[in-house]
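To start, the structure itself, in structure tokens.
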Amino acid sequence: MNRPHVSRSPRILYYSHDTYGLGHLSRSLALAKATARRLPRAQQMIVTGSPVARDLGRGAPVELVLLPPVIKVGPERYAPREPGPSLESVLALRARALLAAARRFRPDLVVIDHAPLGLQGEALPLLGWLRARRPATRIVLGLRDIVDSPRTVRQNWRAKGVYPVLEHSYDRILVYGDRSVYDTARAYAIPPSVRRRLRHVGYLGRTLPARSVELARRPDAGRRLLVTAGGGGDGGPLFDAALAMVEAGRLPAEDRLHLVLGPLLDVSARMALHGRAAALAQVTVTDFAATMAPIWAATDAVLTMGGYNSLTEVVGQRLPCLVVPRTQPRREQLIRALAFEQRLGGQLRVLRPERLSAAALAEALETLPRRRGVRPPMDLGGLPRFAEAIAELVGEGREPAPRPGLEPRLTAVGA
């Protein structure tokens, strides 16, 4: 797998299958932006099934190719997001579109996000074509630190033949996590021959400078509480409990609650939440925020589900956090939240979803610190380290200062 490869303007393709939430595409965009800073002349493409790619990708230095979206409806069960065609026909179209995009783009390096085979194996034709027709192209698997429980992942990977694909198709596996928090290779029984190509690059978070922490502190007693559930597709129970806490008079009068609903929350649920919030002076609501930076700066504590992007962002911002993790159809969020709780102590607390209620939220919030914490005791340097790994793989040297971000070109497939 040590094939020589040098390109002065490397072409990098990211595949992000995206079936639920915003996490995969958000992560791919963050990686592409970090790579653009390290390799300003790189040409980059993201092939994604996200239904909100146009909104999230605005201003990113990439071309976006949009696949027909599907949605996760259960453990390893999917359905087309739009009624009409069968799942099989949509998956076949997606696989053809992914391969066609790669043939047109002629990548020097391909990053497969999270799913080694792609959604239901849709990346296998691409992997086969790359090895047969473009053997110099480097292929990288990007894994978040936790996929699911070790037993579940090992069973699924054995049943689907993932381990041989890891062995023979991937030049490098980059784990977006800190091995001291969660040893991904050990948890998922990745064989020694593959572990030699695996690297934990750190969490893809952004640390908050100490000066910013000081500026964020205020002398008054009231807290600004943020409630977020990522894309919001299954955030209804968290938003409902937060509003019920205010309606029951359980939130101190000087505190304020800000809900960011996310673009994937059901329309009827969204309207109902807006109606309830309109009657509550302590509550404000934002439907969707393409960038969270101003919101983080105006926040003192966070109530959130346990998605990878949300938690790493909260930890990087040093914000006190109450996590209500998803436990179905995967236990990924619960495992990560408990690991972070153990590492961060009282700065982050976990409330299991079966205990979620207005009273439980109010009681848990009382236990959170009232100030941002110290620098988190975990590696949050994944973004620049990923970009450096990509630069090494394509044989690039140091580059001049980065150019400004470009408006992405959009290509819709099967729309």
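The values are calculated or read from the model by the stated rules, or taken from the named source; none is laboratory data. Small disclaimer: the values here were computed from a predicted structure and weren't measured. For neighbour counting, all protein chains shown are included, and Cβ atoms are generated from backbone atoms with ideal geometry for every residue, glycine included. Accessible surface is based on the protein model in full, side chains and every heavy atom, while ligands, DNA and RNA are left aside. Shrake-Rupley method; radii C 1.70, N 1.55, O 1.52, S 1.80 Å.
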Exercise for the section: Give the residues of the range 261-275 that are at pLDDT 95 or above and either open to solvent by less than 40 Å² (accessible area, probe 1.4 Å) or in contact with a Phe, Trp or Tyr (Cβ under 9 Å, 6 or more places away or on another chain) (or both), sorted by residue number. Expected result: 273
Practice task
Name, by its number, the condition in (1) modelled with pLDDT of 95 or more; (2) open to solvent by less than 20 Å² (accessible area, probe 1.4 Å); (3) part of a loop (DSSP other than H, G, I, E, B) that does not hold for residue 249.
Solution key: (2)
Exercise for the section: Starting from the range 35-52, take each residue that is open to solvent by less than 10 Å² (accessible area, probe 1.4 Å) and list its partners that are among the aromatic types (Phe, Trp, Tyr) and outside any strand (DSSP E or B), counting only C-beta distances under 6 angstrom and pairs at least six apart or across chains. Expected result: 45/105
Completion exercise
Subset of the range 104-122, residues within 17 Å of residue 63 (Cβ to Cβ), open to solvent by less than 60 Å² (accessible area, probe 1.4 Å) and assigned to a helix (DSSP H, G or I), comes to 105
Practice task
Considering every residue within the range 324-332, establish whether at least one is open to solvent by less than 20 Å² (accessible area, probe 1.4 Å), under 14 Å from residue 225 (Cα atoms) and β-branched (Val, Ile, Thr).
Solution key: no
Exercise for the section: Run residue 184 past the list (1) out of contact with any strand residue (DSSP E or B) (no Cβ under 7 Å at 6 or more places or on another chain); (2) more than 25 Å from residue 11 (Cα to Cα) and report the number of the one that doesn't hold. Expected result: (1)
Practice task
Report those strands (runs of 3 or more DSSP E) wholly inside the range 1-103 carrying at least 3 residues which are at pLDDT 80 or above and on the phi < 0 side of the Ramachandran plot.
Solution key: 11-16, 43-48, 63-66
Practice task
With respect to residue 116, determine if the residue is touching a residue at least 12 places away in the same chain (Cβ under 8 Å) and farther than 27 Å from residue 312 by Cβ.
Solution key: no
Completion exercise
A careful count of residues in the range 154-197 that are of a type in the set (Ser, Thr, Tyr), touching an Asp or Glu at 6+ places or on another chain (Cβ under 7 Å) and within 14 Å of residue 143 (Cβ to Cβ) gives 3
Problem - Wholly within the range 281-378, helices (runs of 4 or more DSSP H) carrying at least 2 residues that are within 17 Å of the chain's Cα centre (by Cα), at pLDDT 90 or above and hydrophobic (A, V, I, L, M, F, W, C) - result: 308-316, 332-344
